[in-house]
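Report on the following structure.
The values are calculated or read from the model by the stated rules, or taken from the named source; none is laboratory data. No experiment lies behind these values; they were computed from the predicted model shown. Note: ideal-geometry Cβ built from the backbone for every residue, glycine included; neighbour counts use all protein chains shown. We work out accessible area using only protein heavy atoms, side chains counted, and drop any ligands, DNA or RNA first. Shrake-Rupley method; radii C 1.70, N 1.55, O 1.52, S 1.80 Å.
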Amino acid sequence: PTPDRTLVIVKPDGVARGLTGEVLRRVEAKGYRVVRLEMRRATPDELARHYAEHEGKPFYQPLVDFMLSGPVVLAVVEGHGVVPGFRSLAGATDPTAAAPGTIRGDLGRDWGLKVQQNIVHGSDSAESAARETAIWFGADA
Ligand code: DAT
Ligand code: MG
């Protein structure tokens, strides 16, 4: 059977703050495997597709603008139960609420923080992971 896969993004705040290595360290320390890895700028088209479920919400445009503000690191990560497993490593969406021990809880910068600046993205289901991986790495990824 093919192992579970998720799509992780280190967002522009995480990259700018030099936290890419720390995020990947936690992923690998948990026993997950990074199978694709790329640093580059996102395009508006990729973000429109990636965040389609949030279109029309008040935070949508600030979120997209933030994701365009600097390079991101895109990773396809494999491992047993990795979809919920990485969400658990990441912690709650709002870094203020995220528990200590999680990426967002430990590393979220709670100073004039905006919720979109929460360091990482992780797919919320196997279907989302497949959809998102195709957006960022192409259908054959
Ligand atoms: P998650 O990233 O935990 O899956 P989500 O899919 O609900 O959260 O939202 C996508 C991103 O949008 C999230 O990482 C940060 C931003 N966001 C969500 N809710 C927000 C809010 N109420 N205000 C500002 N930004 C928000
Ligand atoms: Mg989400």
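Structure data summary
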read-out	value
Whole-Hz ³J(HN,Hα) from phi, Karplus 6.51 cos²θ - 1.76 cosθ + 1.60, for region 7-24, glycine and proline x	10, 10, 10, 7, 6, x, 5, x, 5, 4, 8, x, 9, 4, x, 5, 5, 5
Dipole in debye (nearest 20) - region 31-103, about Cα centre, beta carbon charges: Lys, Arg +1; Asp, Glu -1	220 debye
Accessible area (Å², 1.4 Å probe, nearest 10) - MET39	120 Å²
Relative contact order for region 64-109, counting Cα pairs under 8 Å that sit 6 or more residues apart, in percent	23 percent
Among PRO12, PRO58, PRO44: highest mean-square fluctuation, GNM of the chain, C-alpha pairs under 10 Å	PRO58
Percentage relative contact order, region 1-109, counting C-alpha pairs under 8 Å, at least six apart	37 percent
Cα extents of the chain along the three principal axes, largest first (Å)	45, 34, 23
Under the Karplus curve 6.51 cos²θ - 1.76 cosθ + 1.60, θ = phi - 60°, whole-Hz ³J(HN,Hα) for region 67-74, x wherever Gly or Pro sits	5, 8, 7, x, x, 10, 10, 9
Dipole magnitude of the chain, debye to nearest 20 (Cβ charges: Lys/Arg +1, Asp/Glu -1, about Cα centre)	320 debye
Accessible-area value, ASP106, 1.4 Å probe, nucleic acids and ligands omitted, Å²	70 Å²
Residues whose placed amide H lies under 5 Å from that of ARG36, excluding near-sequence neighbours	VAL76
Most to least accessible of THR43, THR93, THR133 (protein chains only, probe 1.4 Å)	THR93, THR43, THR133
Förster-model FRET efficiency, 22 Å R0, HIS54 and LYS114, C-beta, rounded to 0.05	0.90
Area accessible to solvent at ARG49, 1.4 Å probe radius, in Å²	110 Å²
Neighbour-limited loop hits for chymotrypsin sites (Phe, Trp or Tyr not before Pro), region 59-141 (at most 16 other Cβ within 10 Å; DSSP other than H, G, I, E, B)	PHE59, TRP111
Chain lengthening between ALA99 and THR43 when straightened (0.36 nm per residue, less Cα-Cα)	17.0 nm
